[in-house]
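Peer 1: Before anything else, here's the structure in question.
Just so it is clear, none of the values below were taken in a lab; they were calculated from the coordinates. Since we're looking at a predicted model, the values are computed, not measured. Cβ: placed from backbone, ideal geometry, glycine included. Neighbour counts: every protein chain shown.
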């Protein structure tokens, strides 16, 4: 038995079926943690070693450089020809085609890829030229409209016809046309253009499409649920000749509609590709069965084209923990306490991830971790390549690579200060030359000793050096000759040291890439930076607690996961209140978060939370109520008024600051007349008659079973006689109250406290 046979025998039956189904369209519905990457890479090896497919005939695309790199390494370890496989991201693949056939895409020289801030700067210039009020129509708003159009493959001239004629759409069409012309004048593309322009190039030049179809015969697409319309059309067009298209995805993890992804691509695959086979990967290798059952109960509330039931050989496992804090600061303190107690059990800091719906929710958690000396990192802060000093040096490199890049030239012409201010730049533009650089050249010819002339001479020197020097040496030359480090020191002495370190880190990054590629060219490096994604920066092994949004957590896994701020209006987000489709996406996001956990899943909510400078009291998230009660840690579930959310549907209130009936837990006890009136959550938890334990578990977690003594805010004290129901939304309790007699209460409308008689 050779290496490939051994690897194939290690697969489960469904994985093996997906590997061996090599001809025609195939949809692999891969549940969370079901070993899809292993299946994909083994499939590539199987095509090469068992089917005799030339490795260069295989194109496999995914969404992040990190995922592509991991798959590439796995394929290399299995087959000697692994390097010949085109294993890349959508954007890298398209960027390569545009560079290879740039004349067909309308470029006369190397093009520059603009990031969001560059695009916004260019749009400001466009709106200014068109004399459009940027307060009424912001650059960001227009760019969002244009991005949506490009994702739908709508060209500028066709915008009104596609979205409907109106004064507003006519205005957007005019701006869209001017923006695309401005990009071309700068020999630049924005991120959406990479796929948009590639599709149009192949559509308008059939000979190029045929060339690709002759080269590639087998196509694999990872994370298919995240594809947008343009990506769907592109891969469909290229693969149509051979028909051998294998896509892998999970509609339950489709969470990027806000950036153009359409869940219909995976839901409609069988109808889009007649004769398609569907294989479901349902065995999970990551999480315990309890975590899978909890996540499955939540996602089951969504409609599904390909329902599945995840299972694992890791039977049982720790039950979920839910904690109801008085406020967001107490919630953060609880997280720190739990981390400390779990570290005593042998977990390391890198085993913990704290996930939240929005970055703004991290502040109290960061403060609590800092106070306790717990090391942490946060994904989604200011990215390294977005820092001002890094962008300054990159702008020099980009301009040297593409002198028609006016946005980069605007940034560097007076950085450091050269006495060429905004007024001087306006005069250069007013000269009416083809580009800002052309105007600089004309002005420099008048006097090479002028400020513009000296700048011109320095740039020409850098351009000449770029043809001879390694990129890292060129970068160092620029930093030294423009005296950038002195500029940082004079600009802001307090931050200068950190900013200098960032500049040095940029040089180091270039040198690292040169070690991997001794023939690294300037445009190669700039392209790598432009295609860099936030997910590529996440180091799961770093000995720190990981803080990140739920979106950034996709594709990752951690032994212990905290999901915080599980509150209506926060998660699900208030924007989903009136949209069933958005609510389903929020539920998919909850499913993604829950299935990041390998061993332990801890969830929390706050009775009140500081949002936008004011206190909000929110209901506990319906996603908590949708988890069967028996999957929570033994003492039960939460103060049940919170579970009302499960009945509200799309009409659920996002905030209940003024409704005492919706103020949950400890906050409610302070507002409404009850046996616990006047006590805050923190004070309440210290009373002898609470069920709070020394390990910091919530006083709101109820041990609801017959014989337990409880207190109700209206009926007083009583003994539980019967408990029925499986979820919070149908959980009923029969209680014999001392004064009110026997009552059967629906838990979701009831606020109870367990009384310990000691």
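Peer 1: To the nearest 10 degrees, how steeply does helix 90-100 sit against the main Cα axis of the chain, on a 0 to 90 scale?
Peer 2: 0 degrees
Peer 1: Please list, by residue number, everything in region 469-495 whose backbone N is under 12 Å from a paramagnetic label point 7 Å out along Cα→Cβ of residue 418.
Peer 2: Once the point is set 7 Å along Cα→Cβ of residue 418, 482-483 turn out to lie under 12 Å by backbone N, inside region 469-495.
Peer 1: Oh, and also: Kirkwood Rh over Cα pairs of region 385-531 into Stokes-Einstein at 20 °C, 1.002 mPa s: D in µm²/s?
Peer 2: Working: Rh = 16.0 Å.
D, rounded to a whole number, is 134 µm²/s.
Peer 1: Would you order 443, 494, 633, 515 from fewest to most other beta-carbon atoms within 10 Å of each residue's own beta-carbon? Show your work: numbers first, answer last.
Peer 2: Working: 443 21, 494 6, 633 15, 515 10.
With the sparsest Cβ surroundings first, the list reads 494, 515, 633, 443.
Peer 1: Something else now. Please say if region 278-415 is rounded, prolate or oblate, where rounded means a/c under 1.5 for a ≥ b ≥ c the square roots of the C-alpha gyration tensor eigenvalues, and otherwise the choice is prolate for a/b larger than b/c and oblate otherwise?
Peer 2: Because a/c hits 1.5 or more and a/b fails to exceed b/c, region 278-415 counts as oblate.
Peer 1: Would you please put 405-417, 8-20 in order of how densely packed they are, using the mean number of other Cβ atoms within 10 angstrom per residue and starting with the highest? Walk me through the numbers before you get to the answer.
Peer 2: Numbers: 405-417: 21.0, 8-20: 17.3.
Per-residue Cβ counts within 10 Å, averaged per peptide and sorted highest first, yield 405-417, 8-20.
Peer 1: Between residue 268 and residue 501, 0.36 nm times their residue separation minus their Cα-Cα distance comes to what?
Peer 2: Numbers: separation 233, 0.36 × 233 = 83.88 nm, distance 5.01 nm.
Full extension of this stretch gives 78.9 nm more.
Peer 1: From the helices alone, meaning DSSP H stretches of at least four residues, give me the mean residue ellipticity at 222 nm for the chain, per-run term -39500 (n - 2.57), in deg cm²/dmol to the nearest 500. Before the final figure, lay out each step's value.
Peer 2: Details: 32 runs with 328 residues, N = 758.
Computed mean residue ellipticity for the chain: -13000 deg cm²/dmol.
Peer 1: Suppose a student asked you for the relative contact order of region 385-531, using Cα pairs under 8 Å spaced at least 6 residues apart; what percent would you report? Let's see the in-between values first.
Peer 2: Values: 117 pairs, mean separation 37.0, N = 147.
Over region 385-531, the number comes to 25 percent.
Peer 1: For region 203-267 and region 152-189, what is the centre-to-centre distance using only Cα atoms, to the nearest Å?
Peer 2: If you average the Cα positions of each part, the centres end up 25 Å apart.
Peer 1: Using only C-alpha atoms and all pairs of different ones, pull out the Kirkwood radius for region 545-597 in Å with one decimal. Display every interim value, and only then the final one.
Peer 2: Numbers: mean 1/r = 0.0859 Å⁻¹.
Kirkwood hydrodynamic radius for region 545-597: 11.6 Å.
Peer 1: So what's the chain giving for Rg/Rh, alpha carbon basis, Kirkwood Rh from the mean inverse pair distance?
Peer 2: On the way: Rg = 29.5 Å, Rh = 29.1 Å.
Computed over Cα atoms, the ratio is 1.01.
Peer 1: Counting only DSSP beta bridges with both residues in the chain, tell me the antiparallel percent, nearest 5.
Peer 2: Working: 24 of 71 bridges.
The answer is about 35 percent antiparallel.
Peer 1: OK, next. Compute the long axis of helix 388-401 from its Cα atoms, compare it with the longest principal axis of the Cα atoms of the chain, and write down the angle in degrees, 0 to 90, nearest 10.
Peer 2: 30 degrees
Peer 1: Can you tell me the relative contact order of region 112-186? Whole percent, Cα pairs under 8 Å, sequence separation 6 or more.
Peer 2: Numbers: 41 pairs, mean separation 25.2, N = 75.
Result for region 112-186 is 34 percent.
Peer 1: A further question follows. Quick check on region 312-368: what are the equivalent-ellipsoid semi-axes from the Cα gyration tensor, as sqrt(5λ), descending, whole Å? Don't skip to the answer; put the middle values down first.
Peer 2: Values: eigenvalues 106, 40, 31 Å².
So the three semi-axes of region 312-368 are 23, 14, 13 Å.
Peer 1: Please give the direction-averaged projected area of the C-alpha convex hull for region 470-581, in square nanometres with one decimal. Walk me through the numbers before you get to the answer.
Peer 2: Numbers: hull surface 47.8 nm².
Computed as one quarter of the Cα hull surface, the answer is 12.0 nm².
Peer 1: Sticking with this one: Once the Cα atoms of helix 289-299 and of the chain are each reduced to a long axis, what angle between those two axes, in degrees from 0 to 90 to the nearest 10, is obtained?
Peer 2: Roughly 80 degrees between the two axes.
Peer 1: Could I have the simple spin-label model distance between residue 237 and residue 581, label points 7 Å from Cα toward Cβ, reported in nm to one decimal?
Peer 2: 2.4 nm
Peer 1: Follow-up. Quick check: from the Cα gyration tensor, does region 78-223 come out rounded (a/c under 1.5), prolate or oblate?
Peer 2: Note, shape of region 78-223 comes out prolate.
Peer 1: Using the alpha-carbon centroid of each, what span in Å lies between region 319-352 and region 548-572?
Peer 2: Centre-to-centre distance over Cα atoms comes out at 14 Å.
Peer 1: So, one more: With each label point set 7 Å from Cα along the Cα-Cβ vector, what nm distance links residue 174 and residue 83?
Peer 2: Label-label distance for residue 174 and residue 83, simple model: 5.6 nm.
Peer 1: Between residue 258 and residue 457, what length in nm is gained on full extension when 0.36 nm per residue of separation is reduced by their alpha carbon distance?
Peer 2: The span from residue 258 to residue 457 would gain 67.0 nm if fully extended.
Peer 1: Assuming a ≥ b ≥ c are the square roots of the Cα gyration tensor eigenvalues, decide whether region 177-302 counts as rounded (a/c under 1.5), prolate (otherwise, with a/b larger than b/c) or oblate.
Peer 2: Numbers: a/c = 2.92, a/b = 1.61, b/c = 1.82.
The shape class here is oblate.
Peer 1: OK, next. Calculate the all-directions average of the projected area of region 572-617's alpha-carbon convex hull, and give it in nm². Present the calculation step by step, with values, prior to reporting the outcome.
Peer 2: Values: hull surface 16.7 nm².
Average projection, Cα convex hull of region 572-617: 4.2 nm².
Peer 1: Got the relative contact order for the chain handy, in percent, Cα pairs under 8 Å and 6 or more residues apart? Don't jump to the answer; show the numbers that get you there.
Peer 2: Values: 1315 pairs, mean separation 103.4, N = 758.
Reported as a whole number, the value is 14 percent.
Peer 1: On to the next question. When all alpha-carbon pairs of region 229-295 are counted, what percent fall beyond 15 Å? Walk me through the intermediate numbers first.
Peer 2: Numbers: 1395 of 2211 pairs.
Across region 229-295, Cα pairs with separations above 15 Å total 63 percent.
Peer 1: Separate question: Put a dot 7 Å past each Cα toward the Cβ at residue 130 and residue 633; how far apart are the dots in nm?
Peer 2: Here the answer is 5.6 nm between the modelled labels.
Peer 1: I want to verify the translational diffusion coefficient of region 382-455 in µm²/s; compute it with Stokes-Einstein, Rh as the Kirkwood radius over Cα pairs, at 20 °C and 1.002 mPa s.
Peer 2: Numbers: Rh = 12.8 Å.
So the translational diffusion coefficient is about 167 µm²/s.
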